[in-house]
Amino acid sequence: MLSLIDKFTDWMDRLAETGSRRVAQSSGRRSFLARSGAVLVGGALLPVLPFDRTFGQATAWAAEEGDASTCEYWRYCALDGNLCNSCGGSLTQCPPGSEISKVSWVGTCTNPMDGKDYLVSYNDCCGKAICDNSPFCNTNERERPGYRMGLHNDINWCMANASQGYHCTVAALVGLAE
Ligand code: ABN
């Protein structure tokens, strides 16, 4: 008597056989070989193709130096707010209990390590009382007065969140400024 495993392997065999017969019937030997060749060559080339391997980790391509708990840190060049880094969060992550703002202010800062300009997104962390455990930074490079609305950053970016209380600000790299 056939065991369950034997039955299963029989079924798999039949499935594979039917599949191969169908492929063989619907295509000539040449086109079958050409297609298999293309699949093999494609598979071998895939790992050497030049695609972004950082998977969104901006710091992988920007050399870093400096102390991210002080206002002098290079990414904070256009910041107006408290540093989440000193409030239980990090340079890019809101402290527990607060949530990232839906809108942000984007500044352009020069990285002293490579001399290149980077776009930095300043997002406020919302829904918690202001964090007074951090220095208040008001560097504001390239910021303009309130009547130039799009260039003004003295704004609570929690305005579009359900809970609009301002807690602190994070600074994530967006990309190279061209
Ligand atoms: N973007 C920081 C902030 C929050 C409240 C008021 C002014 C600035």
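Read-outs throughout are calculated quantities, based only on the coordinates presented, and are distinct from any laboratory measurement. All of these numbers come straight from a predicted model, not from anything done at the bench. Ideal geometry is used to build each Cβ from the backbone, glycine not excepted, and the neighbour counts take in all protein chains shown.
Residues of region 90-128 with the amide nitrogen closer than 20 Å to a label point 7 Å from the Cα of A162, along Cα-to-Cβ, please.
94-104, 124-128
Can you list the aspartates and glutamates whose alpha carbon is less than 14 Å from that of K102, not counting same-chain residues fewer than 8 positions off?
Straight-line reach from K102, under 14 Å: D124.
Peptides 85-92, 143-150, 167-174, 72-79: what's the order by average Cβ count within 10 Å, highest mean first?
Result, highest mean Cβ count within 10 Å first: 167-174, 72-79, 85-92, 143-150.
Under 15 Å from the Cβ of T92, count the other residues' Cβ atoms, weight Lys and Arg +1, Asp and Glu -1, and hand me the total.
Neighbourhood net charge equals -2.
Aspartates and glutamates within cross-link reach of K128: Cα-Cα under 12 Å, excluding same-chain residues under 8 positions apart?
Hits, sequence-local ones excluded: E99.
So, by mean Cβ neighbours within 10 angstrom, what's the order for 6-14, 98-106 with the highest one leading?
Details: 6-14: 10.4, 98-106: 19.3.
By packing density, highest mean first, the sequence is 98-106, 6-14.
5 Å is the cut-off here: which amide hydrogens, built 1.01 Å from N in the peptide plane, fall below it relative to N82, excluding neighbours closer than 5 in sequence?
Amide H to amide H, under 5 Å and 5 or more residues apart or across chains, N82 pairs with C137, T169.
What are the ³J(HN,Hα) values, in whole Hz, obtained from phi via the Karplus relation 6.51 cos²θ - 1.76 cosθ + 1.60 with θ = phi - 60°, for each residue of region 164-178 in sequence order, with x given for Gly and Pro?
Along region 164-178, the couplings run 9, x, 8, 10, 6, 10, 10, 9, 9, 6, 9, x, 6, 7, 9 Hz.
Excluding T139 itself, what net charge comes from residues whose Cβ is under 13 Å from its Cβ, given Lys and Arg +1 and Asp and Glu -1?
Overall, the nearby charge balance is -3.
What would the Debye equation give as log₁₀ I(q)/I(0) for region 74-176 at q = 0.12, 0.13, 0.18, 0.19 Å⁻¹, counting only Cα atoms as equal point scatterers?
Here the Debye-derived log intensity ratios amount to -0.35, -0.41, -0.79, -0.87.
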